[in-house]
Amino acid sequence: MPNNSESRDQRAEIRNTKILVTGFAGFIGSHLTERLLSDGCTIIGIDDFNDYYNSKIKERNIFSFKDNKNFFFNKVDIRDKDSVNGIFVQHKPDIMIHLAARAGVRPSLQLPLLYEEVNVLGTLNLLEAARNNGCSKIIFGSSSSVYGECKNIPFKETELDLKPISPYGVSKLTGEKYCQAYNHLYKIPIICLRFFTVYGPRQRPDLAIHKFTKLIEEGKPVPVFGDGMYKRDFTYITEIIDGIISSINYNKTNFEIFNLGESHTTTVVDLVKLIESATGKKAVIDWQPLQAGDVPLTYADVSKAEKLLGYKPGTKPEDGIKKFVDWYRKSLALLMI
C-alpha cells in the first residue's frame, strides 16, 4: 500500500478531476467512488441497479456519498447507447473508469448472450462516447478470468496463450481487445486492470468469502466443489483501490495491462479454515462435483504493477478474512436496528 506521502501526492494530482465511474454502486465501484470523492474529485456515476443481486445492497453501498454535492447519480444501462452518450455530452468527464459488468463466471454459462450484450456491447458504447466527447483517459476493469487455463504460472500480462473458459472470461478479454483497438486508432490512453478475486467489506453476496461466512455463521452446509484444492489469489479491496488510483496517475506509456492481485494463492479448503478461525465456528462441508467454467488456479505475477504503479499488496488472507468477518457481523447488526 502507498505510504502517507505517496497518498498525499496522488490526492494532489487528481483533485478537481472529473471522473466517470461505471458500476459505482457495486462492491469495487462504491469503494472507489468514496475514495475519489474524499480526494477532491467530481464523480459522474453510472449504474443500472440490475437484478443480479438485491438492489438494496447497492443502495447501502452508496449511502455515505449519494448526497455528496460532487457526485452525480445516473441510473442507466450501459447498453443504452443514446443515454450513455448523453451523460458524456452533459458532463464531459476527463477520465472514465469502467467497472460496470454483468458479473459471475457460473451464471455466464446460462446467459452467454446477456454477458455479450452488457460486457462487450456496453463497453463499446462507452468507448464510443468517450472518444466522441474528449475523454482524455480510460481505465477498464478486466478480470483474471481472461487467463483461464493458462499453463504458465504465475500469470503474467505478457502471456499470449490466453484461454478463458467461460463466456464471462471471453467477454472481458474482448473488452480488453476493444480497448487496445481504440487506443491504437484514436490515441486515447487506456489501462486495463486484471483483478484477481477481490474481497472485503461490501463484497457481493454470491462470492465465496461472503457466501461461506454467511453459511458458517448460520450453521448451514458450505458447498465445496471437487476436492477443494483449487486455488485462488484473494486480493483485499483496499489494495485494488490503491492500484486503480495509481493507474489514474500513470502516464508514462499510452496503453498498458496490469495484474492487480495479492500474488499469493489459497486453496478453498484453507479458505474455509480461515473463516472458521475468524468466526470461531465449525463449517459443515457439502462436497459437490466440479463446476464447468471454474479454473483450477488463479495466481497473479504483480511485478509489472509493482515496478510501474508502485503497487504494494500486503494483506495476508488471515488478516483480510478477519476484517471481512468483522464487517459482516457489524452490517448484520445495523440491519437489525
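Throughout, read-outs are computed from the coordinates displayed, never taken from laboratory work. None of these values were measured; they are calculated from a predicted model. Heads up, the Cβs are rebuilt from the backbone with ideal geometry, glycines too, and the neighbour counts pull from every protein chain shown.
The fewest-to-most ranking of 195, 73 by surrounding Cβ atoms within 10 Å reads 73, 195. For region 114-246, just say rounded, prolate or oblate: build the C-alpha gyration tensor, square-root its eigenvalues into a ≥ b ≥ c, call rounded for a/c under 1.5, and beyond that prolate if a/b exceeds b/c, oblate if not. Since a/c reaches 1.5 and a/b is larger than b/c, the shape of region 114-246 is classed as prolate. For the pair region 175-225 and region 269-284, the centres of their Cα atoms are 22 angstrom apart. Extension gain for the segment residue 136 to residue 284, taken as residue separation times 0.36 nm less the Cα-Cα distance, is 48.1 nm to one decimal.
The calculated pair-distance distribution of region 228-276 uses every alpha carbon pair, bins of 5 angstrom beginning at 0, and gives 5, 18, 20, 18, 14, 10, 8, 5, 3, 0 percent. Between residue 160 and residue 227, the modelled label-to-label distance comes to 3.4 nm, taking each label 7 Å out from Cα in the direction of the beta carbon. If you sort the three axes of the alpha carbon gyration tensor as a ≥ b ≥ c, you get a/c of 1.5 or more for region 96-172 and a/b no higher than b/c, which makes it oblate. For the chain, the relative contact order works out to 17 percent when only alpha carbon pairs closer than 8 Å and six or more residues apart are counted. In terms of its Cα atoms, the chain spans 54, 50, 42 Å along the principal axes, sorted from long to short. Rounded, prolate or oblate: which one fits region 289-333, using the alpha carbon gyration tensor with axes a ≥ b ≥ c (rounded when a/c is under 1.5, else prolate when a/b beats b/c, else oblate)? Oblate, because a/c is 1.5 or more while a/b does not exceed b/c. The lysine pair count for region 259-337, using Cα distances under 14 Å and pairs eight or more places apart or on different chains, is 6. Taking R0 as 45 Å, what's the FRET efficiency between residue 90 and residue 277 from their Cβ-Cβ distance, rounded to 0.05? Once the sixth-power term is evaluated, E becomes 0.35. Label positions at residue 53 and residue 38, each projected 7 Å from the Cα along the C-beta direction, are separated by 2.1 nm. Panel values: region 182-229, Kirkwood radius from alpha carbon pairs, Stokes-Einstein at 10 °C and 1.306 mPa s, translational diffusion coefficient 113 µm²/s. Distance between the 7 Å Cα→Cβ label points at residue 294 and residue 81: 4.0 nm. Report, in degrees rounded to the nearest 10, the 0 to 90 angle that the Cα long axis of helix 317-336 makes with the longest principal axis of the chain. Relative to the chain, helix 317-336 is tipped by roughly 90 degrees. The lysines within cross-link reach of residue 92, meaning a Cα-to-Cα straight distance under 28 Å and a gap of 8 or more places when in the same chain, are 18, 58, 66, 69, 75, 81, 137, 172, 177, 187, 252. Angle of helix 4-14 to the longest C-alpha principal axis of the chain, folded into 0 to 90 degrees and rounded to 10: 40°. Taking 0.36 nm per residue of separation and subtracting the current Cα-Cα distance, fully stretching the chain between residue 60 and residue 177 would add 38.7 nm. Compared with the dominant principal axis of the Cα atoms in the chain, helix 167-186 is inclined by about 20°. The H on the amide N of residue 163, modeled in the peptide plane, is under 5 Å from the matching H of 148, 149, 150, each at least 5 residues off or on a different chain.
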